[in-house]
Amino acid sequence: MFEKIRSYLANLNINNLIGPEMEVAGFDVRFVLALAVFLGALIAFEGLRQFMRRGENREEAINRRIQMLSEGKSGEDVLSLLKPQEAKPLLRSFPLVGDLPLALKVSGLNMVPEMFLAGCGAAFLISAIGGSMVADPLKVVPTCALVFLIAPLVALGVTLRKRKAALIKQLPDALDLMSRGLKVGHPLNTTLQSVAEEMPDPIGTEFGLVVDQVSYGEELTTAIKSMADRIDEEDIQYLAVALMMQHGTGGDLAGILRTLARVIRARMSLRRKVKAISAEGRMTAYILSSIPVGIAVFMTIMTPTYYGDVADSPAFVPVMSVIAVTIVLNAIVMFKLVNFRI
């Protein structure tokens, strides 16, 4: 039986099934079909993996912690279940995202960094090797690298920035909620719990992690410092400093939180004003940076001989390299002039 299958595959001519003349966006249809089959297999594999490695639910996690406490485990052993593993040095300096394990955690993606990298690498290798067998490798390999290596990091970076921006936008309301709770006499742990329960994601989730850490034996100051390091935003750092100072010296924490909420709102308002004032400069930077590229693309499409006749000249590559470098430097300088950090 296997010999028949092997002989059938050896004699199979895919040109008879599809036809060599069919192309989609410059790619052979066979490559497109191979890529579609690979994506389907990858999705099926990921679904099976998720099913086979289903994590424990909330009740199971609570039961496991209670069982560890009943067995005489220390608070640090129980707390280690909540803490993320220390990132490896190679995973702390990834392009576009920085610390990869931290970026996955803050973005809300419950995925092991090694699994994320393995999935991207496997997808790139399989699609590049399979696609190179049915299409031009010079087209297939860059496309696969863009889709399976660069695009996931870009998507992760965008998700991370959006989640941080949403959290900072929610922070003043959370501080007001904490201030009102402290003013009526609630303890600080209770106000943190109210933020975790009443505020939506992402700030509710982050404060919930703080409450969980405190509930399982961590010091409040350490839990707040961990949240500030995890999010790595100035406004969260201010909150962590205020709570740690009040924890050590005492004082009117409700008043401090109200003042901090007003300051954060004022900073957000100032950022929006600066963004509105600099909108003309940013638009000018976009236009002036895109005009040379647009002209080059337009001339190449409308008059291929405009650059083609001089492409064989020895000075063509150095001159075009200098032009490309100057265009990039112009874009960098212009965007530096119109982007401000408040």
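The values are calculated or read from the model by the stated rules, or taken from the named source; none is laboratory data. Because the structure is predicted, anything quoted here is derived from the model rather than measured. Ideal geometry is used to build each Cβ from the backbone, glycine not excepted, and the neighbour counts take in all protein chains shown.
Comparison of Val147, Val210, Val158 shows that the only residue that is exposed (fewer than 14 other Cβ atoms within 10 Å of the Cβ) and either part of a helix (DSSP H, G or I) or among the aliphatic types (A, V, I, L, M) (or both) is Val158.
Filtering segment 273-295 for residues that are at pLDDT below 85, more than 30 Å from Thr222 (Cβ to Cβ) and assigned to a loop (DSSP other than H, G, I, E, B) leaves a non-empty set. Any idea how many residues of segment 244-272 are part of a helix (DSSP H, G or I), of a type outside the set (D, E, K, R) and over 29 Å from the mean Cα position of the chain (by Cα)? Residues flagged as part of a helix (DSSP H, G or I), of a type outside the set (D, E, K, R) and over 29 Å from the mean Cα position of the chain (by Cα) within segment 244-272 amount to 12.
For the structure I just gave you, tell me whether Pro142 is in contact with a Cys (Cβ under 6 Å, 6 or more places away or on another chain) and more than 30 Å from Ile256 (Cβ to Cβ). Taking the combined requirement at face value, the residue does not satisfy it. Does Ala155 satisfy the condition of being closer than 27 Å to Asp99 by Cα, without any contact (Cβ under 8 Å) to a residue 24 or more places away in the chain and in the same structural domain as Arg271 (by TED's automatic domain parsing)? No, not satisfied. Taking the conditions (1) over 26 Å from the mean Cα position of the chain (by Cα); (2) farther than 26 Å from Asn339 by Cβ; (3) modelled with pLDDT of 85 or more in turn, Leu220 satisfies each one other than (3). Somewhere in segment 181-191, is a residue closer than 28 Å to Arg271 by Cα and in a helix (DSSP H, G or I)? Among the residues of segment 181-191, not one is closer than 28 Å to Arg271 by Cα and in a helix (DSSP H, G or I), which makes the answer no.
Residue under question is Met320, and the condition is that it be of a type in the set (A, V, I, L, M, F, W, C), over 30 Å from Leu177 (Cβ atoms), part of a helix (DSSP H, G or I) and more than 33 Å from the chain's Cα centre (by Cα); does it hold? Yes; evaluated as a whole, the condition is true for this residue. One residue alone among Leu260, Leu270 is over 26 Å from Leu100 (Cβ atoms), crowded, with 19+ Cβ neighbours inside 10 Å and touching a residue at least 60 places away in the same chain (Cβ under 8 Å), and that residue is Leu260.
Criterion applied to Ile295, Ile301, Ile291, Ile277 was being β-branched (Val, Ile, Thr), free of Cβ contacts under 8 Å to residues at least 24 places away in the same chain, within 29 Å of Asp235 (Cβ to Cβ) and out of contact with any Pro (no Cβ under 7 Å at 6 or more places or on another chain), and the one residue passing it is Ile277.
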